[in-house]
Structure formats: C-alpha cells, structure tokens
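One structure is given below, encoded as structure tokens.
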Amino acid sequence: MSTPVTPAPSFAVTGATGHLGRLAVDALLRRGVPAGNVFALVRDPDKAGDLAGLGVGIREADYDRPDTLGPALEGIERLLLVSSPTPGDRVRQHSAVIDAAKAADVEFVVYTSVLRADETELVLAPEHAATEDVLQGSGLLFAVARNGWYTENYTAQLPRYLEGGEILGAAGDGRVSAATRADYAEAAVSLLTGDVVDQQGYWELGGPAFTMSELAATITEVTGTQVVYHDHTAEELTESMVGAGADRGTAEFVASLETSLARGELETDSPALENLLGRAPTSLTDAVRAATL
Ligand SMILES: NC(=O)c1ccc[n+]([C@@H]2O[C@H](COP(=O)([O-])OP(=O)(O)OC[C@H]3O[C@@H](n4cnc5c(N)ncnc54)[C@H](OP(=O)(O)O)[C@@H]3O)[C@@H](O)[C@H]2O)c1
C-alpha cells in the first residue's frame, strides 16, 4: 500500500521583482520548497524573466488593480505581503491584498512592517501600523515581520561616502539595528514556512546596532579610505540637501528619518532576527566588505 502524499503548500511572494521579494523567492527555493509550489506575484510580468527561469510560477498582482489580486492568490496557502514602496497609498494597497487573501482562503499571511510600528514617531510607521490593524481585523492568521533599516540604505551609498570622505546626517549618537535585505528575506521565509501557530504575532527584527560614527569607522577600516561622520541638525541637513539639488519635500523626509534615528527609534535589542535565522545576522563589516567587491 502506498503512503499518502501530503501536497506541499503553495507559497506566494508579492513585489517579487523588487529587491526583498526576489530574495524571498530565492530563500524559499533554498529552503527546499519545490519551484512548482512557489508563485512570484509581480506588478509587471515582463520584468519577471529571470524569476520564470527559476521555474517558479509568475502571476500578475498589482496592488492598484484589485481585479488582478483574486486570480493571483488562487490556490495560495501562504503569502508574503511585501509592503508597497509608495507612501500615502500603502493602506489602500495593502488592504486590497488582504481582502483578496481572505476571499481566496489564504491560510497564513506574513507582512513586512517596520520596527515598533505601533509606538514610534517614525514618519513611516502609521501606514504600517494601520496595515497591521487591517490584518488583525481580517480574521486571517498572520505574522508581522517588523523590519528595521536595511544595511543597504548605507552600503548603496558607499561610492558617495568614499568620494566625499564623509557621511552627512542628523542621527547624532542614535544607534540603528540595521540588517541586510537577504537576512530579512530569510527571516520572513522562516516565518512563512514554519508552524503557523508558533509564528503568529509581531516580530521585531534588526541586526547588531551601530551609530553613524561606527558606520564611518567600519567603512574606513574595510576600504582603507578615511570616511568620517558629520552630524548636523535636521534643519541644517535639510538645507544642505536642498542646496545640493534635492527637492525640499524629499530633504525634509530624509531629515525626519534621521531624527527618528537620533531618538533610537530604529534600534532594537530583540534577538528575534537571530532566532529566526538560526545564526548571527550578517555583520556590518561583512555587509560593507560585500558591497565593495
Ligand atoms: N527597512 C528599510 O530600510 C526599507 C527601505 C526601503 C523600503 N522598505 C520597504 O520594504 C519594501 C521592500 O523593499 P525593497 O527594497 O524590496 O523595495 P523595492 O526593490 O523598491 O521593491 C518594491 C516592489 O514593490 C513593487 N510594487 C510597486 N508598486 C506596486 C503595485 N502597485 N503593485 C504591486 N507591486 C508593486 C515593485 O514592482 P516593480 O518591480 O514593478 O517596480 C517592486 O517589486 C518597500 O516596498 C518598502 O515598503 C524598507
């Protein structure tokens, strides 16, 4: 008599042509989920050629076009909802996905939020907190991956730091528990593939904390080029960015994020990231080294 085979659940990842979503698809496959059970949900299937090359299913799913979301979620049991990159639209967009997930009987949703979304003054937090509330009210089983800052927010600027020999900011001695996108993606997949009962709830995720001066020192040590951190007031930073050609709204937004850093709003001592990864998060030194290769 043959043993009955339990079919593997079907997983879907939204924003799969973006940085985090793509890494999450990779992490699912690395974890041994068969490619036939992985669906990359993308706004523009024309951009998904390399994803299709992995053997995963490609489905169109545009947060702004709810008619695409039902078909995209058909047969999906576990969904990673990667937060939208457009502030101001996020609650409507995420709500549309959550409604569609409910209608499609998705078993478990993991949403990428931001650190301490319900209690900080971080300008980005209210839309994440509102999305968490929508999930809470949906009746769906869910986990919230409250991600801290990406290390790539800094490593992507390495050429500029090295050219100018400085990092400009208004973060003071604020510490930021940044981690790489790859680590956050792996953690989200650990939640997504784990036991639903154990994984439900809110996970504060971040790597080892560092100040901007420590970031500058690490860059100096890894590259051999001296980079120093120059701290400003939020107003000075805004004016300096405007003087360099940024529009005032963007400059004020960046300065406001720096103020949150200064207040310690992007710092956590939670061990959750390490626990979900089953290893230490990638160190700042290793992330900077990788970015210089
Ligand atoms: N923690 C942090 O430091 C930090 C920093 C930046 C952003 N974030 C948040 O984390 C999310 C993921 O980060 P990331 O680096 O992967 O961002 P990303 O590379 O910009 O990817 C965003 C993804 O969202 C997709 N998207 C945009 N509008 C959409 C829509 N209407 N419908 C469906 N998909 C849509 C994009 O599709 P296309 O490929 O077609 O453009 C892209 O695949 C961001 O969206 C943002 O909410 C966090």
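The values are calculated or read from the model by the stated rules, or taken from the named source; none is laboratory data. These numbers were taken from a predicted model, which means no experiment stands behind them. With ideal geometry, Cβ positions are generated from the backbone for all residues, glycine too; neighbour counts draw on all protein chains shown. Ligands, DNA and RNA are stripped out before the accessible areas are found, and what is left, the full protein with its side chains, is counted by its heavy atoms. Shrake-Rupley method; radii C 1.70, N 1.55, O 1.52, S 1.80 Å.
Worth a mention:
- Taken per residue, the accessible surface of the range 196-293 reaches 51 Å², heavy atoms only and a 1.4 Å probe.
- Seen against the Cα atoms of the chain and their longest principal axis, helix 90-103 is set at about 20 degrees.
- Gaussian network model of the chain, springs between alpha carbon atoms under 10 Å - residue of PHE210, PHE108, PHE142 with greatest fluctuation: PHE210
- Built from the Cα atoms of the range 1-152, the convex hull projects on average onto 10.3 nm², one quarter of its surface area.
- For the range 79-183, the set of GluC sites (Glu not before Pro) satisfying both a DSSP loop assignment and a count of at most 10 other C-beta atoms within 10 Å is given as GLU119.
- Taking every alpha-carbon pair under 8 Å whose residues sit at least 6 apart, the chain reaches a relative contact order of 17 percent.
- Anisotropy class of the chain from Cα gyration tensor, a/c 1.5 cut: prolate
- Accessible area (Å², 1.4 Å probe, nearest 10) - GLU74: 130
- Put simply, the range 244-293 fits an ellipsoid with semi-axes of 29, 18, 8 Å; these come from the alpha carbon gyration tensor as the roots of five times its eigenvalues, largest first.
- Cα long-axis angle, helix 181-193 against the chain (0 to 90 degrees, to the nearest 10): 30
- For the chain, the longest principal axis of the C-alpha atoms and the axis of helix 248-262 are separated by about 90°.
- Lys, Arg +1 and Asp, Glu -1 on Cβ, resulting dipole of the range 11-160 about Cα centre, debye, nearest 20: 440
- Distance in nm between pseudo-label sites at GLU107 and LYS47 (7 Å out along the Cβ direction from Cα): 3.1
- Solvent-accessible surface of protein heavy atoms, probed at 1.4 angstrom with all chains present, puts HIS19, HIS230 in the order HIS19, HIS230, largest first.
- Expected-Rg normalisation [2.2 N^0.38 Å, Cα atoms] applied to the range 103-221: 1.26
- Heavy-atom accessible area ranking, 1.4 Å probe, most first, across ARG65, ARG116: ARG65, ARG116
- For the chain, size of Cβ-based charge dipole, Lys and Arg +1, Asp and Glu -1, in debye: 860
- Shape of the range 159-232, Cα gyration tensor, a/c cut at 1.5: prolate
- Anisotropy class of the range 48-106 from Cα gyration tensor, a/c 1.5 cut: oblate
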